[in-house]
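Report on the following structure.
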Protein chains: 2
Amino acid sequence: MSEASEPTNQPPTEQPEVDGQTGPSKSELKKRAKAAEKEKKAAEKAAKQQELAAQQAAAEADYAAEFYGTLPLHQSQSRPRQPRVDIASLPSRDGETVLLRARIHNSRAQGSKMVFLNLRQRTESVQALMIVAPEKVSKQMVKWAAGLATESIVLVEGVVKKSPEIIKSATVGTVEVEVSKLFLISGVDARLPFTVEDADRTEAEIEASGDQFNRVLLDTRLNNRVIDLRSQTNQAIFKIQAAVGDLFRQFLHSNGFIEIHSPKLQGAATESGASVFKVSYFKGGAFLAQSPQLAKQMAIAADFERVYEIGPVFRAEDSNTLRHLTEFMGLDLEMTIEEHYHEVMEMLDGLFLSIFHGLRDKYQKEIDVVNKQFPAEEFKWREGPEGTLKLSFKEAVDLLVEDGVAREELDDINTENEKRLGRIVRAKYETDYYIIDKFPMELRPFYTMPDPTDPTLSNSYDFFMRGEEILSGAQRIHDPKLLEQQMRGKGIEPESMRGYLDGFRLGCSPHGGGGIGLERVLMLFLKLNNIRRASLFPRDPKRLEP
Amino acid sequence: MSEASEPTNQPPTEQPEVDGQTGPSKSELKKRAKAAEKEKKAAEKAAKQQELAAQQAAAEADYAAEFYGTLPLHQSQSRPRQPRVDIASLPSRDGETVLLRARIHNSRAQGSKMVFLNLRQRTESVQALMIVAPEKVSKQMVKWAAGLATESIVLVEGVVKKSPEIIKSATVGTVEVEVSKLFLISGVDARLPFTVEDADRTEAEIEASGDQFNRVLLDTRLNNRVIDLRSQTNQAIFKIQAAVGDLFRQFLHSNGFIEIHSPKLQGAATESGASVFKVSYFKGGAFLAQSPQLAKQMAIAADFERVYEIGPVFRAEDSNTLRHLTEFMGLDLEMTIEEHYHEVMEMLDGLFLSIFHGLRDKYQKEIDVVNKQFPAEEFKWREGPEGTLKLSFKEAVDLLVEDGVAREELDDINTENEKRLGRIVRAKYETDYYIIDKFPMELRPFYTMPDPTDPTLSNSYDFFMRGEEILSGAQRIHDPKLLEQQMRGKGIEPESMRGYLDGFRLGCSPHGGGGIGLERVLMLFLKLNNIRRASLFPRDPKRLEP
């Protein structure tokens, strides 16, 4: 179908001029050129007339010629203001003649007189059919329609009719569209690496087919992300991703937070041992921010009281795992503390519950779509007066020891033990969401506030979903002297973070906060099993494209 | 006041062990060490007792000792759950005893028995006074309060009382707080580079004072941004900045757009001639995205239909002007087109009108605060059926020619002429907001769709506020062949943008969009005169800190 997408309205191309040749005289050359030009024009004219005649003959033979074909390249030639409709609205339009733009999801000709087209708009699809009818739909028209490539974008006019039986292959199954006009808006100019049907097929369907269906591997999907993202599953995943951001903002707005935007280009590599990306910055160098940690703390020192930021964070860690990206979206917040850092922890807990409720109440349809391809036990959390499960680090360790892990291995809880803990907690407390509080000081970054009574502990917490960390946070040190002391303890030269320290020297309220990885929340809520599936165009140590 | 912020609750510091010394025997050393330790402890004990005795004596003399002083470092020691109030709520609390955390904006002792404190929370302030009273407020307490440094953060308990006359030096002028308890939460440990009062002073006030007041220069402000941001003006500016983002999202949500997040790390330097920042990426290299242009177009090719993104964009241009940053917030959107690219232009127009209305209706108070320091003619736009002024590029040129600019200079409209046009338009059409449509093709990037009838023109537009461009947008080329041709015309090798091109080869709807610079909108709406004032922590070729 490559000719189908040929633009019919291309701007003229200029011929390069030829100068300074040796050989025949200039006037001779001019003469010859003129003659050649004349001949060429005559030939072109003849060809054009012939073509025109052929077209006319064809048009006479095809009474439907005006009702189908390739539209000229859409350059906003006109604006008739004809309303176009969504497939989702069709059930309420029985009997109406409608106009709609859609993709051809697939098509099936039945003999030479009928073709079925499955038309798709994002997550919705409907069956359309075109049947030969005198003065309306010609055989040529049906043949042309049947030849349109999968994934072509078409403009369809047709009448909505109740379907004789529910059409299972479409999401809108109660009606179908009887096509009267069909035009190609954008064709397909390449071999499809896989179809959207392939992309949406579940493992169960593939197995049931005896592996006749194409199993599309993740790398193939990511290499051809534009087509992969057209799948129902992906349309749903990214609708839910946007919803998480919206729910995050809504909750924080209603609690008096203000959105800030902090720079990703930093003059100094800071904060933690994790490696940072270096940037060439004019004649010097810069670094990409690993988090908005310092900026949001400075916003607190600047009296913003409660701030949040949604922005990219960059980690130059060469981790090729299922849960690491080199660039991901950080949902960060920071707030002043009046009496106790549990005010922050409870705010974050309220935030997560609000996100979970919001998703369950408003996005169940999308969750179900994703679950078809990624079957998962329903995500559980605790409701009501008992509230979210909160364990101290010590209690978490005890649970693991009870389960058979050697206590010596539990100075820190590694990823494997985190997951094990997730299973223990689910079995014992029936929740996939919980908080671990009071981490050992030595496991946390220098700016973490120590516990008031036991300096080996800290006022810090992690939040977990299905046994994986999705948020890390703490009360921060707002006293510049203690902060300097802790920096030195972790081998950081205070002078290298002068701007940051100065903020606290000018008086700063007690405060705390946390940072959430958007893709992790999405991956774990939906159990996508690989963080790349939760990122539109994921970046890892080996992937910078597309 | 440096001692005021001394943490009283520091974790114990450990003594390093001394090993492997030569000289006296180990046992001898141990003995000596023990003796020394004993002596030291005795001396410490004596000192402690002496100190304690002195404290007791002082406490006996000071009946108010419990009612003031420096709090221990806030490490979340306890949680009495005492409600704390906002200064803004005080007028409705006449007669109540309240507890609040605030900064000391300034203070003034009147003799040894009374001190006035101006307490500040963000944009609100209230007068507090402390008067010596038997059994309640001692002379020592007043002296201590009067000595607290400006910008200290204090916890205040006091009774709200109607003020005998409106207090002009506070934003809440109808009441004052009679202080019964005052504790220091966080002191100031450095010389203030300038006060928040200085930061908020208007040019008119400085001039009226005969330049007695400190005029705080922008560089000084930016070098000490944490204190600069505490000013009323800045608190208002960044409240409005957040509002612009919210209004942007609200309008787009109600028009069916979905938020996306695209990677800032790119495998190839793309899009336009503007220079890009290079990043070291493991063993290879990457580039920082100059805009989400390619990603949002791929999202359209992936059937997302209407997308927006709020994220940082990076420009490695060595432009040290009032309107360029090397990193700024892009508000980007892209949408499919049914009939004509003016659908997009009208959507963007609706978006701006919605932002302007939202700011005027809900943020007039903040706008007024900013106007005090940055006086500006009110931002004007056209309402009602006549709608936003739309000029073609040709009409804009004609206006400038009429005004005396030589036509030869107007192949492009440079910054100076843009501003001139802004003045002409304001005088003639009474609007600071307008659209220029139909730019010459040669002024636009390769992906811009040419006009259907005149290939020297393009389906593209810029939006202006007060004579400066705030949005650039267009219908994009969705046909891969025309796109390749245009790339070659601009000297771009199509193979270098293969992933991008592939998106269109798989079928893509006609589409268009635009990109808005958040800081520019804010700067021009409020007439801040320098884009750095519209960025929390601005980045330019010479500034990467704080």
Notebook entry, point to check: Can you list residues whose amide H is under 5 Å from A:Ile258's amide H, if they're 5+ apart or on another chain and H is modeled 1.01 Å from N?
Noted result: A:Arg306, A:Val307, A:Tyr308
Item checked: Pseudo-label separations to other copies for A:Ala427 - Cα-to-Cβ vector, 7 Å, nm -> 8.3
Next item on the list: Determine, at each q value in 0.12, 0.26 (inverse angstroms), the log₁₀ of I(q)/I(0) that the Debye formula gives when each Cα of region B:283-367 is one equal point scatterer.
Entry: -0.56, -1.18
Check: How big is the charge dipole of region B:110-194 about its Cα centre, in debye rounded to the nearest 20, if each Lys and Arg gets +1 on its Cβ and each Asp and Glu gets -1 on its Cβ?
Finding: 140 debye
Check: Taking only the alpha carbons of chain A, what extent do you get along each of the three principal axes, in Å, biggest first?
Finding: 96, 75, 44
Check: Quick one: what Rg and Dmax do you get for the protein assembly as shown from the alpha carbons, in Å?
Finding: 34.5, 120
Checklist line | Accessible surface of B:Glu418 - all protein chains present, 1.4 Å probe, nearest 10 Å² | finding: 30 Å²
Notebook entry, point to check: Could you give, in nm with one decimal, how far A:His253 is from each other copy of that position, shortest first, with labels 7 Å out from Cα toward Cβ?
Noted result: 0.5
Check: Ignoring ligands, DNA and RNA, what percent of the 1.4 Å accessible area of region B:59-193 is carbon and sulfur?
Finding: 51 percent
Notebook entry, point to check: Tell me, what HN-Hα J-couplings in whole Hz come from the Karplus equation 6.51 cos²θ - 1.76 cosθ + 1.60 at θ = phi - 60° for each residue of region A:347-358, using x for Gly and Pro?
Noted result: 4, 5, 5, x, 4, 5, 4, 5, 5, 4, 4, x
Next item on the list: Evaluate E = 1/(1 + (r/R0)^6) for A:Glu493 and B:Arg215, where r is the Cβ-Cβ distance and R0 equals 41 Å; express this FRET efficiency to the nearest 0.05.
Entry: 0.70
Check: Tell me, what ³J(HN,Hα) does each residue in region B:286-293 have, in order and in whole Hz, if you take phi through Karplus 6.51 cos²θ - 1.76 cosθ + 1.60 with θ = phi - 60° and put x for Gly and Pro?
Finding: 9, 9, 8, 4, 7, 4, x, 3
Checklist line | D_trans [Stokes-Einstein, Kirkwood Rh over alpha-carbon pairs] for region B:115-202, 4 °C, 1.567 mPa s, µm² s⁻¹ | finding: 93 µm²/s
Next item on the list: Would you mind checking which residues have amide H under 5 Å from A:Leu457's amide H? H placed 1.01 Å from N; only 5 or more apart, or other chain.
Entry: A:Met441, A:Asp451
Check: Using alpha-carbon positions, what is the distance between the centroids of region B:99-135 and region A:505-546, in Å?
Finding: 44 Å
Item checked: In Å², nearest 10: area of B:Leu322 left accessible to a 1.4 Å probe -> 100 Å²
Item checked: Assigned charges on the beta-carbon of Lys, Arg, Asp, Glu; the protein assembly as shown dipole about Cα centre (debye) -> 660 debye
Note to self: Below 11 angstrom from the Cβ of A:Val401, what's the summed charge of the other residues (Lys, Arg +1; Asp, Glu -1)?
What the structure shows: -4
Note to self: Show log10 I(q)/I(0) for region B:332-426 at q = 0.19, 0.20, 0.22 Å⁻¹, two decimals, from a solvent-free Debye sum over equal Cα scatterers.
What the structure shows: -1.11, -1.13, -1.15
Check: Across bins of 10 angstrom width beginning at 0, how are the C-alpha pair distances of region B:185-255 distributed, in whole percent?
Finding: 17, 36, 25, 15, 7, 1
Check: About its Cα centre, how strong a charge dipole does chain B have in debye, to the nearest 20, once Lys and Arg get +1 and Asp and Glu get -1 at the Cβ?
Finding: 2780 debye
Notebook entry, point to check: What FRET efficiency, computed as 1/(1 + (r/R0)^6) with R0 = 22 Å and r the Cβ-Cβ distance, is obtained for B:Val401 and B:Thr321, rounded to the nearest 0.05?
Noted result: 0.25
Notebook entry, point to check: Which entries in A:Lys365/A:Lys527; B:Lys168/B:Lys365; A:Lys264/A:Lys438; A:Lys239/B:Lys264; A:Lys419/A:Lys490 show an alpha-carbon gap greater than 27 Å?
Noted result: A:Lys264/A:Lys438; A:Lys419/A:Lys490
Next item on the list: Count the net charge of all other residues whose Cβ sits under 12 Å from the Cβ of A:Arg505, scoring Lys and Arg as +1 and Asp and Glu as -1.
Entry: -2
Note to self: Which residue in chain B puts its Cβ closest to the axis that rotates chain B onto chain A, and at what distance in whole Å?
What the structure shows: B:Val279, 3
Next item on the list: Would you grab the residues whose amide H sits under 5 Å from the one on B:Gly507? Only those 5+ places off in sequence or on another chain, please, with H modelled 1.01 Å from N.
Entry: A:Asp189
Check: Measuring label to label, 7 Å along Cα→Cβ, what does A:Thr456 give against each other copy in nm, shortest first?
Finding: 8.2
Check: In deg cm²/dmol and to the nearest 500, what is the mean residue ellipticity at 222 nm of chain A if only DSSP H runs of at least 4 residues count, each as -39500 (n - 2.57), divided by the residue total?
Finding: -10000 deg cm²/dmol
Next item on the list: Run through every distinct alpha carbon pair of region B:30-181 and return the Kirkwood hydrodynamic radius in angstroms, one decimal place.
Entry: 17.6 Å
Next item on the list: Could you state the accessible area per residue of region B:366-448 in Å², with a 1.4 Å probe and every protein chain left in place?
Entry: 52 Å²
Next item on the list: Select from region B:86-174 those trypsin sites (Lys or Arg not before Pro) which occupy a DSSP coil region and have at most 11 other Cβ atoms within 10 Å, ordered by residue number.
Entry: B:Lys168
Next item on the list: Would you please state which residues of region B:105-135 a label at B:Tyr63 would reach in this model, taking the label point 7 Å out along Cα→Cβ and a backbone N cut-off of under 19 Å?
Entry: B:112-115, B:130-135
Next item on the list: Among A:Ile413, A:Ala396, A:Val425, flag the residue with its Cα farthest along the positive direction of the charge dipole of region A:396-436, charges on Cβ as +1 for Lys/Arg and -1 for Asp/Glu.
Entry: A:Val425
Margin query: Along the Cα→Cβ direction, 7 angstrom out, place labels at B:Arg93 and B:Gln250. What is the inter-label distance in nm?
Written below: 2.9 nm
Note to self: Excluding ligands, DNA and RNA, what is the accessible area buried between chains B and A, summed over both sides, using a 1.4 Å probe, to the nearest 100 Å²?
What the structure shows: 10600 Å²
Notebook entry, point to check: On the accessible surface of region B:290-425, probed at 1.4 Å, how many percent belong to carbon and sulfur atoms?
Noted result: 48 percent
Next item on the list: Please list A:Glu377, B:Glu408 in order of solvent-accessible area, largest first, computed with a 1.4 Å probe with all protein chains present.
Entry: B:Glu408, A:Glu377
Notebook entry, point to check: Rounded to the nearest 0.05, what FRET efficiency is calculated for B:Asp86 and A:Arg79 with R0 set to 60 Å and r the Cβ-Cβ distance?
Noted result: 0.70
Notebook entry, point to check: Measuring from label point to label point, each 7 Å out along Cα→Cβ, what is the A:Lys419 to B:Glu135 span in nm?
Noted result: 6.9 nm
Check: In µm²/s, what is D for region A:229-381 at 37 °C and 0.692 mPa s, where D = kT/(6 pi eta Rh) by Stokes-Einstein and Rh is the Kirkwood radius from Cα pairs?
Finding: 184 µm²/s
Next item on the list: Grab the other residues whose beta carbon is less than 9 angstrom from that of B:Met335, score K and R as +1, D and E as -1, and report the net.
Entry: -2
Checklist line | Between region A:327-374 and region A:398-441, the alpha-carbon center distance in angstrom | finding: 22 Å
Notebook entry, point to check: Per the Debye formula with a single identical scatterer at each Cα and no solvent contribution, what log10 I(q)/I(0) holds for region A:418-546 at q = 0.10, 0.12, 0.22 Å⁻¹?
Noted result: -0.46, -0.64, -1.16
Next item on the list: Mind jotting down the distance between the C-alpha centroids of region B:143-194 and region A:163-199, whole Å?
Entry: 70 Å
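The values are calculated or read from the model by the stated rules, or taken from the named source; none is laboratory data. Treat the numbers as computed from the prediction; the structure is a model and nothing was measured. All Cβ positions, glycine included, derive from the backbone under ideal geometry; neighbour counts span all protein chains shown. Heavy atoms of the whole protein, side chains included, go into the accessibility calculation; ligands, DNA and RNA do not. Shrake-Rupley method; radii C 1.70, N 1.55, O 1.52, S 1.80 Å.
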